[in-house]
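The block underneath contains the structure these notes are about, expressed in structure tokens.
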Amino acid sequence: MAWCLQLFVEHREAHDSATQSSSSFTNIKELARRFSLTFGMDHVKCRESIAMMHKQGIEFAFKEPASEDNLPPPNLPFLMLISEFSSKLLRADKRLVYGYLQRFASEQMMLCRGAGWHPLTVYSNSLLDNHDEESSSCGSYFSRDRIISSTPHYLKRKPMYEPVPGRGLVSKNGMDDRDSLSPPKNKKQNAPCLLPSESTVSL
């Protein structure tokens with residue numbers, strides 16, 4: 001990725017700006033895409049490296065301020081390059097990186113349109129899949145109640161308990177729910193452990 005950064009700087013110096021329509025920028029973007037393929041499909045194994053790459057890429061894109069108001073930062077097209085690595089992020093890490101992006105890109109920047117702001121739009125969209133967009137803007141489209149109500153009847157789990165007057169819930173085998181649901185005495189409960197994919201990386 002350092003090579004892509006060096007080529008990007010040389011490209012910007014040669015064109016006095018980081019134009020996205022030139023063949024040199026297209027070649028750099030293709031180089032970044034090929035480099036992203038070398039990480040394979042094991043996203044957990046390389047999650048910290050990918051997250052750090054996004055962090056440093058965002059910092060570089062906003063490192064130099066715009067020359068005038070309402071103009072994008074000159075290094076903003078670099079977001080097009082690191083967007084090639086967004087598919088390598090876990091879903092939880094995508095939300096984390098998007099939150100880090102919001103530290104640099106104001107809400108007004110997010111709403112800007114035009115060729116100069118296109119890299120920011122592309123990059124932010126690469127961090128927000130359909131599930132994240134729905135949950136952030138519309139609440140819980142994939143809420144538990146909606147999933148249960150739309151689940152076919154043959155996939156729904158049959159109830160293990162049925163109400164009995166005077167006794168509350170009783171299991172199918174006749175055991176009282178207080179007996180069947182209470183934890184065993186004198187036995188230590190194991191604390192749940194987080195799998196690598198369930199933990200989060202820090203930016």
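Table for the structure above
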{"item": "Which numbered condition Lys94 misses (of (1) part of a helix (DSSP H, G or I); (2) touching a Phe, Trp or Tyr at 6+ places or on another chain (Cβ under 9 Å))", "result": "(2)"}
{"item": "Residue identified as surrounded by 12 or more Cβ atoms within 10 Å (Cβ to Cβ) and more than 17 Å from Trp117 (Cα to Cα) among Ala32, Ala61", "result": "Ala32"}
{"item": "Subset tally (residues that are free of Cβ contacts under 8 Å to residues at least 24 places away in the same chain and over 24 Å from the mean Cα position of the chain (by Cα)) for the range 67-93", "result": "3"}
{"item": "Residues that are among the hydrophobic types (A, V, I, L, M, F, W, C), in a helix (DSSP H, G or I) and closer than 16 Å to Met80 by Cβ, drawn from the range 46-68", "result": "Met53, Ile58, Phe60, Ala61"}
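Readers should treat all values here as calculations from the given coordinates under stated rules, not as data from a laboratory. These numbers come from a predicted model, not from an experiment. Neighbour counts are summed over all protein chains in view; Cβ atoms, including those assigned to glycine, are modelled from backbone coordinates with ideal geometry.
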